[in-house]
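Notes to accompany the following structure.
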Amino acid sequence: MFNEVNVYLPPKRYSLKIALVYPSTYEASITNLFTHIAYYYLTENLGALVDRFTLDNPDRGAVTGLSLKDFDLALVSISFELDIFNLIKILIKNGMNLRKRGSKPLIIAGGLPVMANPLPYLPLCDAVFIGEGEILLTLINNLFNEYGIELFRESKFDEFIHELYERTGSVHSKILTNNYGRLRVRKSIVENYSKVNQPTCLIRSQDRSPIYGDGYYIEISRGCKWLCTFCLEAFTTYPPRYRDEKSILKLIEEGIKCIKINRVIFYSLSFFDHPKADYLLKYLVENGVKFSVPSLRYTTLTEERIDAIALGGQRTITIAPETAEKHASCLIRKELEEALLKRLTSYIINQGLNVKLYFMLGIPGESSNAGKNIGKLINEIICSTKMIRKEQLRVTINPLIPKPQTPMQYVPLILKSDFKRRINDVRASVNNSKVRIEVYDWNHAYTQALIALGNEDIGKLAIDVVLNRGSLAQFRKYAQEKLGYNEFIFKIKEPSEELPWDNIDLGLRYVVKSLGEKLIQAL
């Protein structure tokens, strides 16, 4: 169906069947590194039959054509809160009873939103894993080696989940809460990050490209030292860890040979925090390897680094100042250095490259003129550059969505009327046809917030809405009218208040509360 290369044909002898479910598009699934890590690890180490399901391939495996019901275990990767609706659709397509779990396959979900708040996902999964995927894969391997296929039978599902919890303390499940009451669940992380599994071959389709384009995808760091107060990924993946440069270069050399594409796509929350970042780029340029780096913290950028990125073939540099106001920027731990930002964006554009800027509205401490101030900053950047083509400067503006396990969990979502007014201020302030301004839909942000900050009732509501072929608008309406969630979404929450996900310990509880207190004082 997808004309894939670098995949294993089903082994002639296997006893365990594992499905990897990515509830989004196929292109997104092969952009996600865990898809590749899990596929190769489970196939090579367990000799298991492993297949993959996506939203555009929901009811039969990409390689085998089997139904999801034919598998013993399903590992679900949730990258984005709205994926919950896609997952429900995939499970329905496979004829699964969502209101009563316990039949094949055993479903375990993971991913950043699940780690932060597993409650909305409990009604449609048997268990969720609070930790890094490599730990779960190792556990599955160990349990299979110790118990064989017997532990993966339907009659042993409860025992399997208990084993996972006893060994890590990183599993949440209704099966466990029935026995233990409210669980204390702690995050499991990879200690020796340089040795974490990263496959040299990646699954590739000859018909469809990953979201970031073709190339060898490699994660060079995990976690982030900056801990911006809104950043779910920074707080869920802390502490920061870096893969050593020798391992990186060895993987790149083998990876581009395997996939036969002379390009590298780096994964990192803050690329230039890696102690060997400049050396890596220099090495790739000297060896004629193209590359792409992710969104960059502009305070780590220099003109020399911009030149290096350009030599690697990247044409757009993405920067996220988030706000144009100094006070608000300090509260999100991303202090605005306006002169530096203008100088760097001007340099990028004057070199013939493109710039993409990300801003947010609804940040604690921002003024009622936040939209006008963003527009003013954009105009000043325009005036300092010589744009030679349309949309050389692109601006994306999102509502700040409060996320659990971050200091923003105590902060209300910006009201729709306030967001709309500030967006109008931005548009009215920027008068240049060469600039493209994109705005994230507030209704989608509200839906995200409902799931991110929700409990099990939100998960059950999502199931009901999808089963009844309802819309996201109906989901929002029922969450407001039947569950009374508006009060929770739009109110200030005190750090002393117990939140539904407080039993999940990601290791930064004191930091979250102390930073949250400062944010609340600014409201």
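Some points to look at:
- Some residue of segment 199-220 being over 24 Å from residue 28 (Cα atoms) and in contact (Cβ under 8 Å) with a residue 60 or more places away in the chain: no
- Options 360, 387: the member that is touching an Asp or Glu at 6+ places or on another chain (Cβ under 8 Å), aliphatic (A, V, I, L, M), farther than 30 Å from residue 287 by Cβ and open to solvent by 10 Å² or more (accessible area, probe 1.4 Å): 360
- Complete set of residues in segment 325-343 that are part of a helix (DSSP H, G or I), surrounded by fewer than 17 Cβ atoms within 10 Å (Cβ to Cβ), free of Cβ contacts under 8 Å to residues at least 60 places away in the same chain and not hydrophobic (A, V, I, L, M, F, W, C): 326, 338, 342, 343
- Condition met for residue 365 (open to solvent by 10 Å² or more (accessible area, probe 1.4 Å), in contact with a Leu (Cβ under 6 Å, 6 or more places away or on another chain) and either of a type in the set (S, T, N, Q) or touching a residue at least 40 places away in the same chain (Cβ under 8 Å) (or both)): yes
- Total residues in segment 491-516 satisfying the condition of being surrounded by fewer than 14 Cβ atoms within 10 Å (Cβ to Cβ), of a type outside the set (Lys, Arg) and farther than 21 Å from residue 182 by Cβ: the figure is 2.
- Checking 434, 477 one by one, the residue that is closer than 30 Å to residue 371 by Cβ, at pLDDT below 95 and either open to solvent by 60 Å² or more (accessible area, probe 1.4 Å) or among the hydroxyl-bearing types (Ser, Thr, Tyr) (or both) is 434 and no other.
- Test: residue 403 is open to solvent by 40 Å² or more (accessible area, probe 1.4 Å), closer than 18 Å to residue 121 by Cβ and of a type in the set (Lys, Arg): no
- Restricting the search to strands (runs of 3 or more DSSP E) fully inside segment 344-450 and requiring at least 2 residues that are more than 26 Å from the chain's Cα centre (by Cα) and not acidic (Asp, Glu) gives an empty result.
- Hits in segment 63-88 - residues which are closer than 13 Å to residue 21 by Cα, out of contact with any helix residue (DSSP H, G or I) (no Cβ under 9 Å at 6 or more places or on another chain) and of a type in the set (Asp, Glu): none
- Selected residue [without any contact (Cβ under 8 Å) to a residue 40 or more places away in the chain and either under 30 Å from residue 281 (Cα atoms) or surrounded by fewer than 14 Cβ atoms within 10 Å (Cβ to Cβ) (or both)] from 191, 154, 134: 191
- When 177, 237, 229 are screened for being open to solvent by 10 Å² or more (accessible area, probe 1.4 Å) and modelled with pLDDT of 90 or more, only 237 passes.
- Qualifying residue in segment 51-63 (condition: in contact (Cβ under 8 Å) with a residue 40 or more places away in the chain and in a helix (DSSP H, G or I)): no
- Verdict on residue 456 being acidic (Asp, Glu) and open to solvent by 70 Å² or more (accessible area, probe 1.4 Å): no
- When segment 40-67 is filtered for residues that are crowded, with 18+ Cβ neighbours inside 10 Å, over 18 Å from residue 211 (Cβ atoms), touching a Phe, Trp or Tyr at 6+ places or on another chain (Cβ under 8 Å) and not hydrophobic (A, V, I, L, M, F, W, C), the ones remaining, listed by number, are 43, 51, 61.
- A single member of 202, 284, 280, 251 is part of a loop (DSSP other than H, G, I, E, B), aliphatic (A, V, I, L, M) and buried (at least 18 other Cβ atoms within 10 Å of the Cβ), and it is 202.
- The sole residue among 263, 222, 243 that is open to solvent by less than 30 Å² (accessible area, probe 1.4 Å), more than 24 Å from residue 334 (Cβ to Cβ) and basic (Lys, Arg) is 243.
- Helices (runs of 4 or more DSSP H) fully within segment 108-174 that include at least 1 residues being in contact with a Pro (Cβ under 9 Å, 6 or more places away or on another chain): 112-116.
- Members of segment 68-97 that are buried (at least 18 other Cβ atoms within 10 Å of the Cβ), over 19 Å from the mean Cα position of the chain (by Cα) and assigned to a loop (DSSP other than H, G, I, E, B): 71, 72, 94, 96
The values are calculated or read from the model by the stated rules, or taken from the named source; none is laboratory data. A quick note: this is a predicted structure, and the numbers were derived from the prediction, not measured. Counting neighbours? That spans all protein chains shown, and the Cβs are built from the backbone with ideal geometry, glycine included. Surface areas here come from the heavy atoms of the whole protein model, side chains and all, with no ligands, DNA or RNA. Shrake-Rupley method; radii C 1.70, N 1.55, O 1.52, S 1.80 Å.
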